[in-house]
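Asks: Before I ask anything, here is the structure I am working with.
The values are calculated or read from the model by the stated rules, or taken from the named source; none is laboratory data. Model, not experiment: these values are computed from the prediction. No Cβ is skipped: glycine too gets one built from the backbone with ideal geometry, and neighbour counts run over all protein chains shown.
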Amino acid sequence: MTKEEWLLAISIPMYLVFIVTEIVIGIKQRKELYDWKDSAISIWMGVAGALLDITIKIATFGVLDWCNRHAIYKPDLLTYYPVLAWFLVFVGQDFCFYWLHRSEHYSRILWAVHSNHHSSEKYNFTVALRSSVLQPLYRFMFYIPVAFLGFDGLTIMFMYAVNQFYQFFLHTETIPKLPNWYEAIFVTPSHHRVHHASNVAYLDKNMGQVLIIWDKLFGTFEKETEAPRYGLTSNIKTYHPLKVIFHEWVKIFKDINKPGPFMNKLKYLFMPPGWSPDGSTKTSAQLRLIEKQNN
């Protein structure tokens, strides 16, 4: 078996076991952790995203492998220094993921893709499968720096898959805060609950995939202090798969068709979500400022 097949063979049964376990815990604690229609949409989106990923895999690996052939560092690290190589590709991939994820929260055109993942008002293991369906169209571009450091596309994307496997276990309310030393280095369920919350203080926080250190270095870290409210700031209230995927695109289309200068139309695409020329809608930074002034 290849590394990818090995990972898939392990992950699917583990996902099922943890989902069933979480359901049982919810029943025992009398908590409504699951909405079956919502979970069905999450699984559907996971399958759709995986199919698109497979469809464009040749192009993804083609770009990354071309960059690898023109790498700054030529020797085969995986052959001569395997432990160092896997550590470097892990850190490099995780660092690039942070900027991919951060870009999706600060550029509306990318938020239109990523908002799918945040659209559930529940927070359980099936939400981890609720992929940003169209993300494979541009995800690989953020990993070009790792390819230029001497790593091929297969290695980079395998590490991405491993780190996404870790991310699955972050999507739960059933795991409390972990020991301080762990919370200081790694992304935990507590950190990721903050990320999925629509509380103003929590918006656009904790972007890391496995390491939380990037958030602490670049000013996007927030502790879990108040109970999270999951979902979007304005929830879409639909289980229609196409509406879930394209709801933000529809809103963008309406905004860019409003009367006004061409520059405003570009800003509707590339400024942070919530930006408006007249302040009728607010970005997360503006919402936090208003909340601070009111307190």
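Asks: Checking the condition over 13 Å from the mean Cα position of the chain (by Cα), crowded, with 23+ Cβ neighbours inside 10 Å and at pLDDT below 95, which residue from Phe151, Phe125 passes?
Replies: Details: Phe125 fails: at pLDDT below 95.
Phe151 is the lone residue from the list that is over 13 Å from the mean Cα position of the chain (by Cα), crowded, with 23+ Cβ neighbours inside 10 Å and at pLDDT below 95.
Asks: Based on what the data block shows, is Lys243 of a type in the set (Lys, Arg) and loosely packed, with under 15 Cβ neighbours inside 10 Å?
Replies: Details: of a type in the set (Lys, Arg): yes; loosely packed, with under 15 Cβ neighbours inside 10 Å: yes.
Judged against the criteria, Lys243 is a match.
Asks: Looking at the stretch 163-219 only, could you name the residues that are of a type in the set (A, V, I, L, M), crowded, with 16+ Cβ neighbours inside 10 Å, over 14 Å from the mean Cα position of the chain (by Cα) and under 20 Å from Trp99 (Cβ atoms)?
Replies: Across the stretch 163-219, the qualifying residue is only Ile213.
Asks: Now a separate question. Out of the residues in the stretch 1-42 that are more than 15 Å from Tyr123 (Cβ to Cβ) and basic (Lys, Arg), which is surrounded by the most Cβ atoms within 10 Å (Cβ to Cβ)?
Replies: Within the stretch 1-42, the match that is surrounded by the most Cβ atoms within 10 Å (Cβ to Cβ) is Lys3.
Asks: While we're looking at this one, here's another question. What is the residue count in the stretch 105-120 for residues that are within 19 Å of Ile245 (Cβ to Cβ) and out of contact with any Ser or Thr (no Cβ under 7 Å at 6 or more places or on another chain)? Step through it out loud before you land on a result.
Replies: Start the filter on the stretch 105-120 by keeping residues that are within 19 Å of Ile245 (Cβ to Cβ), which leaves 105, 107-120.
Now restrict to residues that are out of contact with any Ser or Thr (no Cβ under 7 Å at 6 or more places or on another chain): 105, 107-109, 111-112, 115, 118-119.
Looking only at that region, the number is 9.
Asks: Which of (1) at pLDDT below 95; (2) closer than 22 Å to Ser42 by Cβ; (3) small (Gly, Ala, Ser) is the odd one out, the single condition Gly208 does not satisfy?
Replies: (1) is the only condition that Gly208 fails.
Asks: Here is a further query. Pick from Lys267, Lys258, Lys223, Lys251: which is over 19 Å from His114 (Cα atoms) and at pLDDT 95 or above? Steps first, please.
Replies: On the way: Lys267 fails: over 19 Å from His114 (Cα atoms); Lys258 fails: at pLDDT 95 or above; Lys251 fails: over 19 Å from His114 (Cα atoms).
Of Lys267, Lys258, Lys223, Lys251, the one residue that is over 19 Å from His114 (Cα atoms) and at pLDDT 95 or above is Lys223.
Asks: Okay, moving on. Output the number of residues of the stretch 27-84 satisfying the condition of being of a type in the set (Gly, Ala, Ser), over 19 Å from Leu129 (Cα atoms) and either in a loop (DSSP other than H, G, I, E, B) or touching a Lys or Arg at 6+ places or on another chain (Cβ under 6 Å) (or both). I'd like the intermediate steps shown before the answer.
Replies: So the first thing to find is which residues in the stretch 27-84 are of a type in the set (Gly, Ala, Ser), and the list is 39-40, 42, 46, 48-50, 59, 62, 71.
This time we only want the ones that are over 19 Å from Leu129 (Cα atoms), so: 59, 62, 71.
Next cut, either in a loop (DSSP other than H, G, I, E, B) or touching a Lys or Arg at 6+ places or on another chain (Cβ under 6 Å) (or both) only: 71.
Residues in the stretch 27-84 being of a type in the set (Gly, Ala, Ser), over 19 Å from Leu129 (Cα atoms) and either in a loop (DSSP other than H, G, I, E, B) or touching a Lys or Arg at 6+ places or on another chain (Cβ under 6 Å) (or both): 1 in total.
Asks: In this structure, is Asp94 at pLDDT below 95 and of a type in the set (Asp, Glu)? Even if it seems obvious, please write down each step before you answer.
Replies: Details: at pLDDT below 95: no; of a type in the set (Asp, Glu): yes.
No, not satisfied.
Asks: I want to confirm something. Restricting to the stretch 99-122 and keeping residues that are crowded, with 23+ Cβ neighbours inside 10 Å and of a type in the set (Ser, Thr, Tyr), which single residue is farthest from Ile175 (Cα to Cα)?
Replies: Out of the qualifying residues, it is Ser119.
Asks: Inside the stretch 185-295, counting only helices (runs of 4 or more DSSP H) that do not spill past its ends, which hold 1 or more residues that are of a type in the set (S, T, N, Q)? If you could, list the steps in order and put the result at the bottom.
Replies: Numbers: elements: 189-196, 213-218, 241-256, 262-270, 284-294.
Counting at least 1 such residues, we get 189-196, 262-270, 284-294.
Asks: Taking Tyr166 as meeting all but one of (1) under 24 Å from Leu78 (Cβ atoms); (2) at pLDDT 95 or above; (3) in contact with a Phe, Trp or Tyr (Cβ under 8 Å, 6 or more places away or on another chain), write down the number of the exception.
Replies: For Tyr166, the failing item is (3).
Asks: Identify, please: which residue in the stretch 5-28 is small (Gly, Ala, Ser) and either under 21 Å from Val47 (Cβ atoms) or in contact with a His (Cβ under 6 Å, 6 or more places away or on another chain) (or both) and is, among those, modelled with the highest pLDDT? Before the answer, list the steps.
Replies: First, the residues of the stretch 5-28 that are small (Gly, Ala, Ser): 9, 11, 26.
Within this subset, residues satisfying the condition of being either under 21 Å from Val47 (Cβ atoms) or in contact with a His (Cβ under 6 Å, 6 or more places away or on another chain) (or both) are 9, 11.
Numbers: Ala9: 82, Ser11: 91.
Going through the qualifying residues, I end up with Ser11.
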